[in-house]
Amino acid sequence: MPRLLMRCLLLMLLCLLSVPAIAEEADTVRPEIGKPLQDAQKLLGEHHAPEALAKVKEAERVKDRTPYETFLLQQIRGRALDVAGDSEAAIRDYDAAIASGRLTAPQKLLYTKQIAVDYYNLKNYPKAIEATNRYFKEGGDDDKMRIVLAQAYFLANDFANAVKELKAQTEAQERSHQTPPELQLQMLSQAAQKAGDPATTTAGLEKLASYYPKKEYWSALLQDIRKRPGYSGRLDLDLGRLRLATGAVRSPDDYMEAAQLALADGLPGEARKIVEQGYASGSLGTGAEAERHQRLKTLAAKSAEEDLKTIDQSATEAATRKDGTGLVNTGLDYVGYGQFDRGLALIEQGIQKGGLKYPDDAKLHQGFAYLQAGKKDKAIEAFQTIQGTDITAGLARAWLIVARRKAP
């Protein structure tokens with residue numbers, strides 16, 4: 001589980017905590033208490049917590065302290081204890097300072113925030129949740145505390161509330177045209193998975209692939225698509241295309257499988273191209289399987305050579321059929337040979353003719369063909385026509401991420 005750098009946040013908050021200047025208060029402070037507390041403040045500013053605590057102990061030894069003297073001592077001692085690493089004792093002083101009623105509203109918010117962070121660092125997540133919620137209820141607006149709250153929910157195994165907080169934070173950032181932090185999106189997808197929320201799990205992975213297009217995020221997203229209920233083997237080539245396009249290749253077998261699927265779908269030109277990509281990348285043609293790779297390369301080349309002899313005839317025959325399936329398939333075949341204008345025209349004719357068993361698949365392939373032709377805007381338009389929550393729509397959203405990142 002990724003963790004925020006809570007120690008950095010702790011130090012930041014400690015710097016923000018404002019202890020009233022002793023000499024400026026209307027309440028009087030005796031020199032035997034005020035002087036060591038002033039020295040402790042100075043030592044804390046120089047990051048000398050043990051020495052500061054020693055000065056605080058001098059003030060503690062003074063008897064018959066007034067309520068105000070005790071209030072100042074609690075603030076400075078709490079800060080010193082926190083810097084020294086005794087957060088549990090520091091919380092007691094912060095709580096006492098809040099209970100005194102002497103803090104201003106901003107000071108109270110800062111102390112409440114510090115208490116929440118301290119409880120988090122102590123792994124007392126229920127108390128961290130309680131304090132953070134109190135911080136927001138009283139007017140706090142530090143977005144970093146939203147992440148503290150979400151992490152506390154996650155680590156307390158309250159995944160539903162973690163998802164709720166993370167979704168709200170992510171949506172707010174996106175509305176403001178901000179990029180959500182990577183750790184936040186990681187936690188969103190993980191929390192959603194543990195909460196049994198597949199739609200949000202997928203959305204989190206899609207956002208990771210979009211904002212942080214790393215191989216591991218693409219692999220996780222494609223694996224998520226593959227495992228969804230209703231996934232069909234007819235989409236294996238589409239998944240393979242995405243794997244190759246995003247660099248999410250796990251092994252040479254990914255090239256081999258995609259090329260074999262293209263051959264099985266009657267797309268030898270694309271199969272030949274995939275094998276050539278595998279060789280160019282260094283994934284194919286080496287190692288113990290080099291001979292097997294070569295056999296597939298030879299088969300793809302020979303199949304493409306034979307296919308080119310009859311592809312025009314196939315296009316003519318497809319035009320005579322009642323439905324547009326043949327036109328779409330033949331158009332995709334042309335695209336595999338780089339004959340984009342001819343291929344795209346046939347795919348468009350096929351979609352318009354209708355009668356397709358899987359019309360969204362045809363639109364998906366149209367978008368893929370446009371992307372292969374370098375027509376990114378057209379590809380985006382085609383992918384956007386595929387709506388819904390089924391597998392093809394998920395593949396289209398993944399292709400949209402690819403297309404938009406490649407768009408100028």
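The values are calculated or read from the model by the stated rules, or taken from the named source; none is laboratory data. Nothing here was measured: the structure is a model prediction, and the numbers come from that model. For neighbour counting, all protein chains shown are included, and Cβ atoms are generated from backbone atoms with ideal geometry for every residue, glycine included.
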Which members of segment 221-237 meet the condition of being of a type in the set (Gly, Ala, Ser) and assigned to a helix (DSSP H, G or I)? GLY233
Given the conditions (1) in contact with a Gly (Cβ under 8 Å, 6 or more places away or on another chain); (2) at pLDDT 90 or above, report the number of the one that ALA23 does not fulfil. (2)
Go through the residues of segment 307-325 one by one and say whether even a single one is of a type in the set (A, V, I, L, M, F, W, C), farther than 22 Å from TYR370 by Cβ and in contact with a helix residue (DSSP H, G or I) (Cβ under 6 Å, 6 or more places away or on another chain). no
The conditions are (1) at pLDDT below 95; (2) under 20 Å from GLN339 (Cα atoms); (3) aliphatic (A, V, I, L, M), and VAL249 fails exactly one of them. Which is it? (2)
Identify all residues within segment 284-324 that are within 41 Å of the chain's Cα centre (by Cα) and either at positive phi or not in a helix (DSSP H, G or I) (or both); write none if there are none. LEU284, GLY285, THR286, GLY287, ALA288, GLU289, GLY324
Just wondering, is there one or more residues in segment 196-207 that are over 30 Å from LYS108 (Cα atoms), over 17 Å from the mean Cα position of the chain (by Cα) and not aliphatic (A, V, I, L, M)? yes
Checking THR200 against (1) part of a helix (DSSP H, G or I); (2) of a type in the set (Ser, Thr, Tyr); (3) farther than 29 Å from GLU165 by Cβ, the condition it does not meet: (3)
Residue under evaluation VAL148, criteria (1) closer than 30 Å to ASP197 by Cβ; (2) without any contact (Cβ under 8 Å) to a residue 60 or more places away in the chain; (3) among the β-branched types (Val, Ile, Thr), criterion not met: (2)
So ALA156, is it in contact with a helix residue (DSSP H, G or I) (Cβ under 7 Å, 6 or more places away or on another chain), at pLDDT 95 or above and under 21 Å from ALA128 (Cα atoms): yes
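The rows are residues; the columns are (1) in contact with a strand residue (DSSP E or B) (Cβ under 9 Å, 6 or more places away or on another chain); (2) without any contact (Cβ under 8 Å) to a residue 40 or more places away in the chain; (3) farther than 26 Å from GLU206 by Cα; (4) not β-branched (Val, Ile, Thr).
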position: LEU242; (1), (2), (3), (4): no, no, no, yes
position: VAL249; (1), (2), (3), (4): no, yes, no, no
position: ALA264; (1), (2), (3), (4): no, yes, yes, yes
position: PRO268; (1), (2), (3), (4): no, no, yes, yes
position: VAL275; (1), (2), (3), (4): no, yes, yes, no
position: ALA288; (1), (2), (3), (4): no, yes, yes, yes
position: ALA304; (1), (2), (3), (4): no, yes, yes, yes
position: LYS322; (1), (2), (3), (4): no, yes, yes, yes
With the condition kept exactly as written, say whether any residue in segment 51-62 is at pLDDT below 90 and on the phi > 0 side of the Ramachandran plot. no
Based on what the data block shows, is GLY287 at pLDDT below 95, under 30 Å from TYR212 (Cα atoms) and surrounded by fewer than 18 Cβ atoms within 10 Å (Cβ to Cβ)? no
I'd like the full set of residues that are more than 40 Å from the chain's Cα centre (by Cα) and at positive phi, limited to segment 63-96. ASP64
Residue by residue through segment 194-206, note down the ones that are surrounded by 20 or more Cβ atoms within 10 Å (Cβ to Cβ), under 17 Å from LEU395 (Cβ atoms) and free of Cβ contacts under 8 Å to residues at least 40 places away in the same chain. THR201, LEU205
With the condition kept exactly as written, say whether any residue in segment 374-394 is touching a Pro at 6+ places or on another chain (Cβ under 7 Å) and either farther than 18 Å from ALA209 by Cα or surrounded by fewer than 22 Cβ atoms within 10 Å (Cβ to Cβ) (or both). no
Qualifying position, being buried (at least 19 other Cβ atoms within 10 Å of the Cβ) and within 17 Å of ASP95 (Cα to Cα), among TYR135, TYR153: TYR135
Any residue at all in segment 313-329 that's under 25 Å from LEU242 (Cβ atoms) and loosely packed, with under 15 Cβ neighbours inside 10 Å? no
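Okay, residues lined up against (1) of a type in the set (Asp, Glu); (2) in contact with a Cys (Cβ under 8 Å, 6 or more places away or on another chain); (3) without any contact (Cβ under 8 Å) to a residue 24 or more places away in the chain; (4) in a helix (DSSP H, G or I):
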residue: LYS144; (1), (2), (3), (4): no, no, no, yes
residue: THR170; (1), (2), (3), (4): no, no, no, yes
residue: GLU174; (1), (2), (3), (4): yes, no, yes, yes
residue: THR179; (1), (2), (3), (4): no, no, no, no
residue: MET187; (1), (2), (3), (4): no, no, no, yes
residue: ALA192; (1), (2), (3), (4): no, no, no, yes
residue: LEU208; (1), (2), (3), (4): no, no, no, yes
residue: LEU239; (1), (2), (3), (4): no, no, no, yes
Selected residue (criterion: surrounded by the most Cβ atoms within 10 Å (Cβ to Cβ)) from residues of segment 330-367 that are basic (Lys, Arg) and within 17 Å of ALA382 (Cα to Cα): LYS363
May I ask you to list pairs of residues, at least six apart or on different chains, whose Cβ atoms are under 6 Å apart, with the first in segment 382-395 being under 17 Å from THR201 (Cβ atoms) and the second being hydroxyl-bearing (Ser, Thr, Tyr)? ILE391/TYR231
